[in-house]
Amino acid sequence: MALRVAVIGSGPAGIYTAEALVKQSAEDVRVDVLERLPTPYGLVRYGVAPDHTSIKSIANYLRRVLELPEVRFLGGVTLGTDLSVDDLLGHYDAVVYCTGAMVDRKLGIPGEDLPGSVAATDFVNWYCGHPDVDPGRFTLDTSEIAVIGVGNVAVDVVRVLAKTADDLRSTDVPHDVLQRLAESEVKAIHMVGRRGPEHAKFTLKELRELGDLANADVCVRPDEAVVLGGDFPRQVQGNIKVLQSWAAREPIGRPRRLDVRFWLRPVEILGTERVEGLKLERTRLSEEGRVVGTGEFETLPVGMVLRSVGYQSVPLPGVPFSERTMTVPNEAGRVRDREYVAGWLKRGPTGVIGTNKSDAAETVRTLLADLEGRERGASEPIDTLLAERGVRPVTYEEWLAIEAAEAELARSLGRGERVKLVGLEAMLRACRV
Ligand SMILES: Cc1cc2nc3c(=O)[nH]c(=O)nc-3n(C[C@H](O)[C@H](O)[C@H](O)COP(=O)(O)OP(=O)(O)OC[C@H]3O[C@@H](n4cnc5c(N)ncnc54)[C@H](O)[C@@H]3O)c2cc1C
Ligand SMILES: NC(=O)c1ccc[n+]([C@@H]2O[C@H](COP(=O)([O-])OP(=O)(O)OC[C@H]3O[C@@H](n4cnc5c(N)ncnc54)[C@H](OP(=O)(O)O)[C@@H]3O)[C@@H](O)[C@H]2O)c1
């Protein structure tokens, strides 16, 4: 009897797990990849910036895994509502949780919940066409926007805001979103770091791209670009060099302006009905290396604040979860008997797509070692139980039909290779007659 494994989540971690199971297992293996959305690839589809087409093409690698004869994709199936952990353990020999990190971290400052204060998770979902966010959700009807955080997600968000809609026309950005971007009134974008250039989390390649934007002048204040000490890793030295070169540049009157700021922490989002400003406090590092305020304040007159301070995982019903690390506690991927974890849910929201490959391989090594020589308990496929509950999974072939409809939409609009369909209904209409 084949080893039957359920992988929950079809982002990079889930698909690399499926691949590692097929590659590493000495015995016959069957893997079902269960995904709450009708579409696979997780943040590769709904996170990676639309203009980063070469990174998005990783989907072509992931697709080959879903096409392996040992692997099945079952979209539109949610752990927690359609199926419980017990259901899974009753139908599979093992389960691997790979549900990523879907929500934003909080700043914990006054005004955070005002209209116009937006989590980067929502904004990214919006321009990526995630079915959880309505395409009409955001109107860029303000001239100044602050983006809090200096990680790669902040850089993505800033770049999308700084580019013209024409720059994004050939991408898969939903058409309604492209329209909103075309109507954007944004003139100034402030990207704000609470520590110095040497502590910024963005990577050099992504930072450099900002300097090449045709539509925006990039400005850094010379005093904020000063870095004391040396001996930084190469990436950091590169970041510092780029930022200092921008500090020496004069703006040349491009339509938009990006100010990259350092040593400022948000203390309050101002406004009554909606965001009217962002109050920042100048910071320094304490002797213990903590960020502390200096009592010197400044207010940015922004109408929107995008909080890009990291993602975090949410607990899955019936699965252990640490509120301290916001991950599923595990030992080399093992959670409990026959339950495993991989990806951002296992180690937190850090690392690039490739990091999930070695991470998944570790989990699969643990799983296969644990289950070696054990009797296989699973017999019935999950399909009957899903049908009894009225859940009809989206098959891989149906997903291909959604992809084809997106390509057709792009053709009809005279745009690039594909344009995202938005909303579950539109996707299901495209794949089911
Ligand atoms: C905005 C953004 C941009 C990024 N850009 C890049 C980049 O350009 N290059 C790069 O290398 N890395 C990038 N990353 C990082 C990369 O996307 C992650 O390392 C990777 O996606 C994590 O993989 P994962 O499978 O753990 O999570 P995810 O990719 O989030 O996949 C989780 C999957 O689980 C599904 N799911 C969630 N809950 C359930 C449930 N209850 N039942 C069933 N399914 C469920 C979700 O729908 C999703 O499909 C980016 C990250 C973000 C946030
Ligand atoms: N192109 C790519 O390769 C790409 C694109 C997007 C994302 N990713 C990856 O995805 C992962 C997640 O990226 P991310 O940008 O969401 O997270 P991140 O890299 O952890 O960056 C988060 C940023 O938010 C700041 N921050 C956190 N709490 C704050 C607070 N209370 N006040 C002010 N600032 C605060 C952090 O500053 P401190 O450092 O001071 O805490 C940091 O600058 C990363 O591994 C990233 O590299 C990669």
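The values are calculated or read from the model by the stated rules, or taken from the named source; none is laboratory data. This one's a predicted model, so the numbers in the text were calculated from it and none came from an experiment. No Cβ is skipped: glycine too gets one built from the backbone with ideal geometry, and neighbour counts run over all protein chains shown. To get the accessible areas, we keep the full protein, side chains included, count just its heavy atoms, and leave off ligands, DNA and RNA. Shrake-Rupley method; radii C 1.70, N 1.55, O 1.52, S 1.80 Å.
From (1) assigned to a loop (DSSP other than H, G, I, E, B); (2) within 16 Å of ligand 1 (Cβ to nearest atom); (3) touching a helix residue (DSSP H, G or I) at 6+ places or on another chain (Cβ under 8 Å), pick out the condition that doesn't hold for Val352.
(3)
Across region 310-333, which residue is farthest from ligand 2 (Cβ to nearest atom) among those that are part of a strand (DSSP E or B) and surrounded by 14 or more Cβ atoms within 10 Å (Cβ to Cβ)?
Thr327
Can you tell me how many residues within region 19-33 are away from ligand 1 (no atom under 11 Å from the Cβ) and open to solvent by less than 30 Å² (accessible area, probe 1.4 Å)?
Final tally of qualifying residues: 7.
Test Asp167 against the stated conditions and say whether it is under 23 Å from the mean Cα position of the chain (by Cα) and surrounded by fewer than 22 Cβ atoms within 10 Å (Cβ to Cβ).
Taking the combined requirement at face value, the residue satisfies it.
Of the residues that make up region 31-42, is at least one in contact with a Cys (Cβ under 8 Å, 6 or more places away or on another chain) and over 23 Å from Leu168 (Cβ atoms)?
Yes: one or more hits.
Across region 242-255, what is the total count of residues that are within 22 Å of Gly151 (Cβ to Cβ) and surrounded by 14 or more Cβ atoms within 10 Å (Cβ to Cβ)?
5
Suppose we filter Val71, Val48 for residues that are within 20 Å of Gln24 (Cβ to Cβ) and touching a helix residue (DSSP H, G or I) at 6+ places or on another chain (Cβ under 9 Å); which single one remains?
Within the list Val71, Val48, the selection yields Val71.
Has region 362-372 got at least one residue that is outside any helix (DSSP H, G or I), out of contact with any Lys or Arg (no Cβ under 6 Å at 6 or more places or on another chain) and away from ligand 1 (no atom under 11 Å from the Cβ)?
yes
Only one of Ala49, Ala13 is modelled with pLDDT of 95 or more, within 16 Å of ligand 2 (Cβ to nearest atom), within 30 Å of Leu210 (Cα to Cα) and not in a loop (DSSP other than H, G, I, E, B). Can you tell me which?
When all the criteria are applied, what remains is Ala13.
Looking at Gly116, Gly151, which one is away from ligand 2 (no atom under 16 Å from the Cβ), closer than 24 Å to Asp259 by Cα and touching a residue at least 24 places away in the same chain (Cβ under 8 Å)?
The conditions single out Gly116.
List, please: which pairs have Cβ atoms under 7 Å, are six or more places apart or on different chains, and start with a residue in region 92-110 that is closer than 26 Å to Tyr41 by Cβ and end with one that is more than 16 Å from ligand 1 (Cβ to nearest atom) and small (Gly, Ala, Ser)?
So the pair list comes out as Tyr92/Ala378; Asp93/Gly377; Asp93/Ala378.
Which residue pairs have Cβ atoms under 6 Å apart, sit 6 or more places apart or on different chains, and have a first residue in region 127-145 that is farther than 20 Å from Val419 by Cβ and a second that is of a type in the set (A, V, I, L, M, F, W, C)?
Short answer, once both residue conditions are applied: Thr142/Met304; Glu144/Ala188; Glu144/Val302; Ile145/Val186; Ile145/Ile189; Ile145/Val302; Ile145/Met304.
Take Arg36 and decide whether it is closer than 21 Å to Leu428 by Cα, more than 6 Å from ligand 1 (Cβ to nearest atom), open to solvent by 20 Å² or more (accessible area, probe 1.4 Å) and out of contact with any Pro (no Cβ under 7 Å at 6 or more places or on another chain).
no
Only one of Val77, Val22, Val44 is among the aliphatic types (A, V, I, L, M), within 16 Å of ligand 2 (Cβ to nearest atom) and at pLDDT 95 or above; which?
Val44
Is at least one residue of region 40-56 among the acidic types (Asp, Glu) and away from ligand 1 (no atom under 11 Å from the Cβ)?
Within region 40-56 (the criterion being among the acidic types (Asp, Glu) and away from ligand 1 (no atom under 11 Å from the Cβ)), the answer is no, since none of the residues qualifies.
Hey, does region 351-360 have a residue that's under 30 Å from Thr139 (Cα atoms), open to solvent by 70 Å² or more (accessible area, probe 1.4 Å) and touching a residue at least 40 places away in the same chain (Cβ under 8 Å)?
no
What about Arg392, is it open to solvent by 60 Å² or more (accessible area, probe 1.4 Å) and touching a helix residue (DSSP H, G or I) at 6+ places or on another chain (Cβ under 9 Å)?
In short, yes.
Check region 364-371 and report whether any residue there is polar (S, T, N, Q) and farther than 20 Å from Leu43 by Cα.
yes
Can you tell me which residues in region 48-78 are open to solvent by less than 20 Å² (accessible area, probe 1.4 Å) and farther than 23 Å from Thr350 by Cα?
Scanning region 48-78 gives Val65, Leu66, Val71, Phe73, Leu74, Gly75, Val77.
Please note which helices (runs of 4 or more DSSP H) are completely contained in region 108-198 and include at least 3 residues that are over 24 Å from Ala225 (Cα atoms).
Here the list reads 120-128, 175-182.
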